[in-house]
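Below: the structure, in structure tokens.
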Amino acid sequence: MSSFTLQSHISDIVTSIPQTADLFRSLRIDFCCGGKVPLKEAAIQLQLDPADVLEKVHSIEIKFANYQESRPASLKESELIEYIQQKHHVFLREELPALMPYVTKLARVHGENHPELIRVQELFTDLKKELLDHTKDEDEHVFPLILKFVDQPDYEVAAELAPHVSELEHEHAQAGSLLQELREVTSDFTLPDDACGTYQLVYKRLAMLEKDTFEHIHLENNVLFERIRAAM
């Protein structure tokens, strides 16, 4: 018997079964910034059949019923922060600077015939700065403050921490908007007939970046920050 219904929130489903993130991503259902809505509402907004979406969730739930791998949502706060830093922050620090030259080359070589690539370069440049500044702030200031609050959950620390958490959520929404526009201007990362190797590489890695960033934002917004707010 499934624990999920049409009224289950998207964010709660992904927290319980991370593999459902791939389903929601493929359906273009936002599970990070806009995840706190019932499955039925999220499906109707995108003109999808809610019952069909729920059935797909149930299939994944059955498939991973005996899934034994450690789930990030089950980690305590200090372990979850370390997981986010080691998996997602390290990835961004390595991938964003490494991908920039390819994005630049693609816009320069193919931008005349595919003007959307100029916008891709602009969006990626903004996203790179946004995410690198964001993760640096988390590592140097906010995460240490969260650990201090977990260790010393008093009003003074909570009052200091609360505006930082709100600002991070705002930045997550900005990053989500940039990723959404990237997907729109590339027609869901669809390659044109004349796509060269660099074209293929960039689109594949942009899709991977989107996947990692959405999982990253989900863990912070819907797991870590929710726990901290509940303790305030």
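The values are calculated or read from the model by the stated rules, or taken from the named source; none is laboratory data. Because the structure is a prediction, the values reported are computed rather than measured. For neighbour counting, all protein chains shown are included, and Cβ atoms are generated from backbone atoms with ideal geometry for every residue, glycine included. What goes into the accessible areas is simple: the full protein's heavy atoms, side chains included, and nothing from ligands, DNA or RNA. Shrake-Rupley method; radii C 1.70, N 1.55, O 1.52, S 1.80 Å.
Tabulated data
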| read-out | value |
| --- | --- |
| Inter-label distance for Ala207 and Glu41, nm, one decimal - labels placed 7 Å from Cα along Cα-to-Cβ | 3.1 nm |
| Value of relative contact order over region 1-152, rounded to a whole percent, pairs C-alpha under 8 Å and six or more apart | 18 percent |
| Gap separating the Cα centres of region 172-232 and region 68-143, nearest whole Å | 9 Å |
| Carbon plus sulfur fraction of accessible area for region 119-232, probe 1.4 Å, in percent | 51 percent |
| Too-long pairs where the Cα-Cα distance tops 19 Å, listed order kept, from Lys36/Lys129; Lys36/Lys128; Lys87/Lys211 | Lys36/Lys129; Lys36/Lys128 |
| Quarter of the Cα convex hull surface for region 3-79, i.e. its orientation-mean projected area (nm²) | 5.2 nm² |
| Ranked order, His9, His216, His110 - accessible area, probe 1.4 Å, largest first | His9, His110, His216 |
| Gain upon complete extension [Ala98, Lys56; 0.36 nm per residue less C-alpha separation] | 11.5 nm |
| Length added when fully stretched, Leu132-Ala231, from 0.36 nm per residue minus Cα-Cα | 32.8 nm |
